1. Any residue in the range 36-61 that is open to solvent by less than 70 Å² (accessible area, probe 1.4 Å) sitting within a Cβ distance under 7 Å of a residue that is of a type in the set (Phe, Trp, Tyr)? List the pairs, counting only those 6 or more apart or interchain.
2. May I ask you to verify whether TYR83 is closer than 14 Å to TYR33 by Cα, touching a Lys or Arg at 6+ places or on another chain (Cβ under 7 Å) and either modelled with pLDDT of 90 or more or open to solvent by 70 Å² or more (accessible area, probe 1.4 Å) (or both)?
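The values are calculated or read from the model by the stated rules, or taken from the named source; none is laboratory data. All values reported here derive from a predicted model rather than from experimental measurement. Methodologically, a virtual Cβ is constructed for each residue, glycine included, from the backbone with ideal geometry; neighbour enumeration extends over all protein chains shown. The protein model used for the area step is the full one, side chains on, heavy atoms only, and it has no ligands, DNA or RNA in it. Shrake-Rupley method; radii C 1.70, N 1.55, O 1.52, S 1.80 Å.
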Amino acid sequence: MDEDNLPVPWARTDAYNETPMTLQDLKLQAISYALRSKPLWWEKYKDNEIRAKWKAEALATPVEGDKLLESEVEYVLQELAGYEKMRDEATGIQASLPKKPSISSC
(Lines give C-alpha, C1' and ligand atoms only; values in the text may rest on other atoms or scores of the structure.)
Protein backbone atom coordinates (compact mmCIF):
# COMPACT_ATOMS: atom_id res chain seq x y z
CA MET A 1 0.00 0.00 0.00
CA ASP A 2 1.30 3.45 -0.92
CA GLU A 3 2.11 5.83 1.98
CA ASP A 4 -0.27 8.39 0.53
CA ASN A 5 -3.15 5.94 0.88
CA LEU A 6 -2.62 5.11 4.55
CA PRO A 7 -5.42 6.37 6.79
CA VAL A 8 -4.56 9.22 9.14
CA PRO A 9 -6.54 8.85 12.40
CA TRP A 10 -6.57 12.62 13.11
CA ALA A 11 -8.03 13.55 9.70
CA ARG A 12 -11.36 11.78 10.01
CA THR A 13 -14.23 11.42 12.42
CA ASP A 14 -15.84 8.39 14.02
CA ALA A 15 -19.46 7.19 13.83
CA TYR A 16 -20.51 10.01 16.19
CA ASN A 17 -18.81 12.63 14.00
CA GLU A 18 -16.12 13.28 16.59
CA THR A 19 -12.42 13.56 15.96
CA PRO A 20 -10.20 11.17 17.93
CA MET A 21 -8.72 12.49 21.16
CA THR A 22 -5.15 12.18 22.38
CA LEU A 23 -4.37 10.18 25.50
CA GLN A 24 -3.43 13.47 27.16
CA ASP A 25 -6.91 14.89 26.43
CA LEU A 26 -8.52 11.77 27.86
CA LYS A 27 -6.42 12.04 31.03
CA LEU A 28 -7.42 15.67 31.57
CA GLN A 29 -11.06 14.82 30.97
CA ALA A 30 -10.83 11.97 33.49
CA ILE A 31 -9.52 14.21 36.26
CA SER A 32 -12.01 16.95 35.38
CA TYR A 33 -14.88 14.47 35.54
CA ALA A 34 -13.62 13.11 38.89
CA LEU A 35 -13.57 16.63 40.35
CA ARG A 36 -16.98 17.51 38.92
CA SER A 37 -18.43 14.32 40.39
CA LYS A 38 -17.73 15.57 43.91
CA PRO A 39 -20.73 16.90 45.84
CA LEU A 40 -21.08 20.69 45.59
CA TRP A 41 -17.92 20.97 43.46
CA TRP A 42 -19.22 24.26 42.00
CA GLU A 43 -18.94 25.84 45.45
CA LYS A 44 -15.97 23.94 46.85
CA TYR A 45 -13.53 24.61 43.99
CA LYS A 46 -13.47 28.29 45.03
CA ASP A 47 -12.22 27.44 48.53
CA ASN A 48 -8.40 27.67 48.49
CA GLU A 49 -7.94 24.91 51.09
CA ILE A 50 -10.17 22.46 49.22
CA ARG A 51 -8.62 23.46 45.91
CA ALA A 52 -5.14 22.76 47.32
CA LYS A 53 -6.32 19.37 48.62
CA TRP A 54 -7.82 18.47 45.22
CA LYS A 55 -4.63 19.56 43.49
CA ALA A 56 -2.49 17.39 45.78
CA GLU A 57 -4.81 14.42 45.24
CA ALA A 58 -4.75 14.87 41.47
CA LEU A 59 -0.95 15.14 41.40
CA ALA A 60 -0.60 11.98 43.49
CA THR A 61 -3.11 9.90 41.53
CA PRO A 62 -1.96 8.20 38.34
CA VAL A 63 -4.34 8.52 35.38
CA GLU A 64 -3.94 5.82 32.75
CA GLY A 65 -0.69 4.83 34.48
CA ASP A 66 0.91 8.30 34.48
CA LYS A 67 0.87 11.12 36.97
CA LEU A 68 -0.29 14.49 35.68
CA LEU A 69 1.92 17.54 35.62
CA GLU A 70 1.21 20.44 37.96
CA SER A 71 0.38 22.67 34.98
CA GLU A 72 -2.16 20.11 33.73
CA VAL A 73 -3.89 19.89 37.10
CA GLU A 74 -3.93 23.68 37.40
CA TYR A 75 -5.50 23.90 33.93
CA VAL A 76 -8.28 21.52 34.98
CA LEU A 77 -8.87 23.46 38.21
CA GLN A 78 -9.12 26.75 36.31
CA GLU A 79 -11.47 25.15 33.80
CA LEU A 80 -13.98 24.44 36.59
CA ALA A 81 -15.10 28.09 36.45
CA GLY A 82 -16.28 27.53 32.88
CA TYR A 83 -18.12 24.36 33.83
CA GLU A 84 -19.77 26.21 36.70
CA LYS A 85 -21.15 28.76 34.22
CA MET A 86 -22.71 25.94 32.18
CA ARG A 87 -24.45 24.48 35.24
CA ASP A 88 -28.17 25.14 35.60
CA GLU A 89 -28.76 25.94 39.27
CA ALA A 90 -32.53 25.35 39.06
CA THR A 91 -32.32 21.84 37.62
CA GLY A 92 -28.83 20.74 38.66
CA ILE A 93 -28.10 19.82 35.05
CA GLN A 94 -24.50 20.39 34.07
CA ALA A 95 -22.31 19.72 31.09
CA SER A 96 -20.48 16.43 31.34
CA LEU A 97 -17.82 16.80 28.64
CA PRO A 98 -17.62 18.74 25.38
CA LYS A 99 -19.82 17.20 22.68
CA LYS A 100 -21.30 14.76 25.18
CA PRO A 101 -24.72 14.50 26.80
CA SER A 102 -25.33 16.48 29.96
CA ILE A 103 -25.61 14.85 33.36
CA SER A 104 -27.89 15.53 36.27
CA SER A 105 -27.93 14.55 39.91
CA CYS A 106 -31.71 14.02 39.68
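1. These pairs meet every condition: ARG36/TYR83; ARG51/TYR45.
2. Working: closer than 14 Å to TYR33 by Cα: yes; touching a Lys or Arg at 6+ places or on another chain (Cβ under 7 Å): yes; either modelled with pLDDT of 90 or more or open to solvent by 70 Å² or more (accessible area, probe 1.4 Å) (or both): yes.
Answer is yes for this residue.
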